[in-house]
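Please treat every number below as a calculation from the coordinates, not as lab data. As the structure is a prediction and not an experimental result, all values here were calculated from the model. When we count neighbours, we look across all protein chains shown, and the Cβ atoms used for this are built from the backbone with ideal geometry, even at glycine.
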Amino acid sequence: MTPITLSPAVAEARANGTPIVALESTIITHGMPFPQNLKVARRVESDIRANGAVPATIAVLNGTLHAGLTDDQLDGLAQSQDAAKLSRADLAVCMAQGRTGATTVAATMIAARLAGIDVFATGGIGGVHKGAGDSFDISADLTELAQTAVTVVAAGAKAILDIPKTLEVLETNGVPVIAYRQDSFPAFWSARSPLDAPLRMDTPDHIARAHLMRARLGLPGGQLIANPIPEADEIPADTLAPVIARATAEAASQGITGKAVTPFLLQRIFELTDGQSLTANIALVRNNARLGAEIAAQIATLRSQG
Ligand code: PSU
Ligand code: MN
């Protein structure tokens, strides 16, 4: 038996071919503070429903891998102080020990594939950290994109990462990086970065067709759809640059390493901007959820046409 438990709503959607969008949970436990994290998680789920798809938030609760959480489960996770951060390496260990953990982009992709879900929406992906030449800190999200066939909608990558190196690693791994309706690779809080994305698509239909074509070609990995933050919600890169520099320097001087690096930086940036970064974060996640629902709907339509 497949080791994943579908919520009744997700199971019904699977049976009927209704579009589904997977959501990660590390953004809830390690990406935003309570209670905003719970509010955003609920809001993003309702955005997906409003766009005709079923949300499937992924998490491990007491050893069980879930696709689709009840509101009580979501609430419990948002308030939990000791949920682990689960990437590819951690998933089986957490389940074997009967523990609770939130899934990163990598682990959410693994769960989505197991649950038969094609599309996953989040805020930002992990990538190659600044200083990776010394630290070797490269997120397992990048290699997951190379091997797991899920289309991931994100707002590009945060400037806490080395964006040129992140794009190089994705290229080496054969991951299509597709900017949505613009040429520039978006930089999370800013709609544009100085770099162009290698690919561009302008419609959910084309993205859905490329997703299905990869399967027909027998290509194992996913696609990264880089969806820019709406311009009204942007924070200029200049405003955040000193904040990011300070947070990165603090991480180094405090000896933060491994999987603690990204949560540390996200938390410090939230504090150093008095929560301003969160408003933009919420806007871009909701924007990604909407596009994810549109892509999932197109995939469902194309499948039903055979
Ligand atoms: N980047 C963000 N927001 C996030 C994360 C990354 O802008 O919430 C989270 C995601 O869950 C991502 C994970 O998969 O951090 C990457 O962690 P690491 O760099 O340790 O692989
Ligand atoms: Mn890392």
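Computed quantities for the displayed model
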{"item": "Net charge contributed by nearby residues that have their C-beta within less than 10 Å of Gln182 (K/R +1, D/E -1)", "result": "0"}
{"item": "Full-extension gain in nm, Gln254 to Gln79, via 0.36 nm per residue minus C-alpha separation", "result": "60.4 nm"}
{"item": "J(HN,Hα) series, segment 244-257, from Karplus relation 6.51 cos²θ - 1.76 cosθ + 1.60, nearest Hz, glycine and proline x", "result": "5, 4, 5, 4, 5, 5, 5, 4, 5, 6, 8, x, 6, 9"}
{"item": "Inverse mean reciprocal Cα-Cα distance (Kirkwood Rh) of segment 127-173, Å", "result": "11.1 Å"}
{"item": "Angstrom value of the Kirkwood radius, inverse mean 1/r, which spans all Cα pairs in segment 182-292", "result": "16.1 Å"}
{"item": "Alpha-carbon centroid distance for the pair segment 93-158 / segment 268-306, whole angstrom", "result": "15 Å"}
{"item": "Relative contact order (%) - criterion: Cα under 8 Å, at least six apart; region: segment 1-117", "result": "34 percent"}
{"item": "Phi-based couplings in Hz for segment 113-124 (Karplus 6.51, -1.76, 1.60; Gly and Pro marked x)", "result": "4, 4, 7, x, 9, 8, 10, 9, 10, 8, x, x"}
{"item": "Over segment 118-306: Rg over Rh, Cα atoms, Kirkwood Rh", "result": "0.98"}
{"item": "More than 21 angstrom apart: percent of Cα pairs within segment 75-145", "result": "35 percent"}
{"item": "Contact order normalised by residue count of the chain, Cα under 8 Å, 6+ apart, percent", "result": "20 percent"}
{"item": "Alpha-carbon centroids, segment 168-235 and segment 26-57: separation in whole Å", "result": "22 Å"}
{"item": "Amide H contacts under 5 Å for Thr57, placed H, 5+ residues apart", "result": "Leu23, Gly68, Leu69"}
{"item": "Volume in Å³ per residue [convex hull over Cα atoms, computed for segment 1-117]", "result": "88 Å³"}
